[in-house]
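A short write-up of the structure that comes next.
The values are calculated or read from the model by the stated rules, or taken from the named source; none is laboratory data. Please read these numbers as outputs of a predicted model, since none were measured by experiment. Please note: Cβ atoms are built from the backbone with ideal geometry, for glycine as well, and neighbour counts cover all protein chains shown.
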Amino acid sequence: MTLTDWWTRLEAGPSFGGPRRYVHDLLGVELAGVLERCGLLRQVGIAPDYPCDERAGNHCPRAVIEIDGAYHAVCGNRPIGCRDLILTEHEVGLLTTDVMRLCRIIASALGTRGSPERIPDLSGVHRVGSIIPEPGIRYPVYLVIRSNSESYGEAFGALLGRQAGTPFSMLVPTGRFLTDPIEHQARTTGVVILALADVMVLAGDRFSCAADPATLFSSLGQRTSASFGTAGQIVALALVCDGISAHRWRDLDEPAYRALVADAHSFDVFADEQTKIVHKGPIGARQTNTATASQFESVRLAVRKRGYFDPFEDDPLSRVSAQQIFQRARKLFDPRMGRGAWRLFKTIEGDERALYHFSPDQGVSFAFVFLPEP
């Protein structure tokens, strides 16, 4: 049982709902039951109509009529084009989505502070709460539910204007409508965009986060240098972690790149796409290997992925051999000891194949230097 179908339907219509039997047919009895017990789907009376399921002829909303204690869904067309459907009072209960309850559930799973609220002048936008990474710093977190790329772009632009330069996080049900311009602008303004389908999972009847929220929001407020202008040409993009603070992305001009290379020995693993060299291990037992361009690209995709990384789905240019490429790259880039547990990229057993999650162990230091993105 996964939440993917739920998030997709919610994105198609934030007021998702309908007669209980209809909702059960769409989502499955088990998932619909969990959503009701969580309070996300709540009954608001008896449904006045029932969606038509006839594939031929004109579709109609079948009117729900009570006859002798039973409920009949009757065709609204003349002549009649679909059969009557007899329903119990439980089946005809009208379910609707409680978005404020959804905000509270998300806030609990992600550890945000404050009470959720609807933003009245922005359709489909709610403030879930705030992320407080340290005393005195507060970043708002918004839930945005729209149904197409253009509408998401409008909402993102409106939030940028509303915040007037203050970074924020935008949560969306799925990532299918996120475009390159939106994600690029998010990086240059310090905004973190999370697709809930990638990071939220069910644990019994409870929603939980698939990763440490501190990791998910680690880049919040970190603008890339493109937002400030640079004194020198950017020659590399680096993901750096000193083993104490959260990892973060850095744009490197030539002096910054040379300084990082000179400090390579201080990291448990140092990988440089410019030279294709990967150094790994402690001083005295340091290993040096050569990685391919496809291995660097696979690792770049994995560390950028929100939620679980599926090489087959997320690396379209190497789809046939993507799983093998990533597995070989992980042996080079992950500083695990012998046959011990992977320290950076964790394996998640999926239904069809293994998935991976970039979740560095505390205390592991690394610097991954990539060529600039085109």
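The table for this structure:
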| read-out | value |
| --- | --- |
| Test result for GLY81, under 35 Å from the mean Cα position of the chain (by Cα), over 28 Å from GLY175 (Cβ atoms) and in the same structural domain as ARG21 (by TED's automatic domain parsing) | no |
| Residue in region 317-334 that is of a type in the set (Ser, Thr, Tyr) and farther than 27 Å from ALA210 by Cα present | no |
| Residues satisfying the stated conditions in region 260-278, i.e. modelled with pLDDT of 85 or more and among the small types (Gly, Ala, Ser) | ALA264, SER266, ALA271 |
| Filtered residue count, region 156-174, keeping only those that are within 19 Å of the chain's Cα centre (by Cα) and either farther than 12 Å from VAL125 by Cβ or aromatic (Phe, Trp, Tyr) (or both) | 6 |
| ARG339 more than 28 Å from LEU171 (Cα to Cα), at pLDDT below 90 and more than 22 Å from the chain's Cα centre (by Cα) | yes |
| Residues (out of contact with any Ser or Thr (no Cβ under 8 Å at 6 or more places or on another chain) and under 23 Å from ILE65 (Cβ atoms)) located in region 1-25 | GLY18, PRO19, ARG20, ARG21, TYR22, VAL23, HIS24, ASP25 |
| Subset of region 236-281 that is of a type in the set (Val, Ile, Thr) and over 20 Å from ALA329 (Cα atoms) - its residue that is surrounded by the fewest Cβ atoms within 10 Å (Cβ to Cβ) | ILE244 |
| Residue, farthest from ILE86 (Cα to Cα), within region 10-50, restricted to residues that are touching a helix residue (DSSP H, G or I) at 6+ places or on another chain (Cβ under 9 Å) and among the aromatic types (Phe, Trp, Tyr) | PHE16 |
| Flag for GLN185 being touching a residue at least 24 places away in the same chain (Cβ under 8 Å) and in contact with a Pro (Cβ under 9 Å, 6 or more places away or on another chain) | no |
| Odd one out for CYS52, checked against (1) touching a His at 6+ places or on another chain (Cβ under 6 Å); (2) within 30 Å of VAL141 (Cα to Cα); (3) not polar (S, T, N, Q) | (2) |
| Hey, GLU154 acidic (Asp, Glu) and under 21 Å from ILE182 (Cα atoms) or not | yes |
| Residue identified as at pLDDT 85 or above and farther than 27 Å from TYR308 by Cβ among LEU143, LEU160 | LEU160 |
| Matching helices (runs of 4 or more DSSP H) fully within region 286-374 where at least 2 residues are touching a helix residue (DSSP H, G or I) at 6+ places or on another chain (Cβ under 6 Å) and closer than 30 Å to ALA256 by Cα | 293-304, 322-333 |
| Within region 165-178, tally of residues that are outside any strand (DSSP E or B) and at pLDDT 85 or above | 8 |
| Residue selected from region 312-326 under the condition over 16 Å from SER359 (Cα atoms) and crowded, with 16+ Cβ neighbours inside 10 Å, by the criterion modelled with the highest pLDDT | ILE325 |
| Residue in region 185-192 that is in a loop (DSSP other than H, G, I, E, B) and more than 12 Å from ILE106 (Cα to Cα) present | yes |
| Counted residues, region 279-307 - those being at pLDDT below 90 and under 24 Å from SER219 (Cα atoms) | 3 |
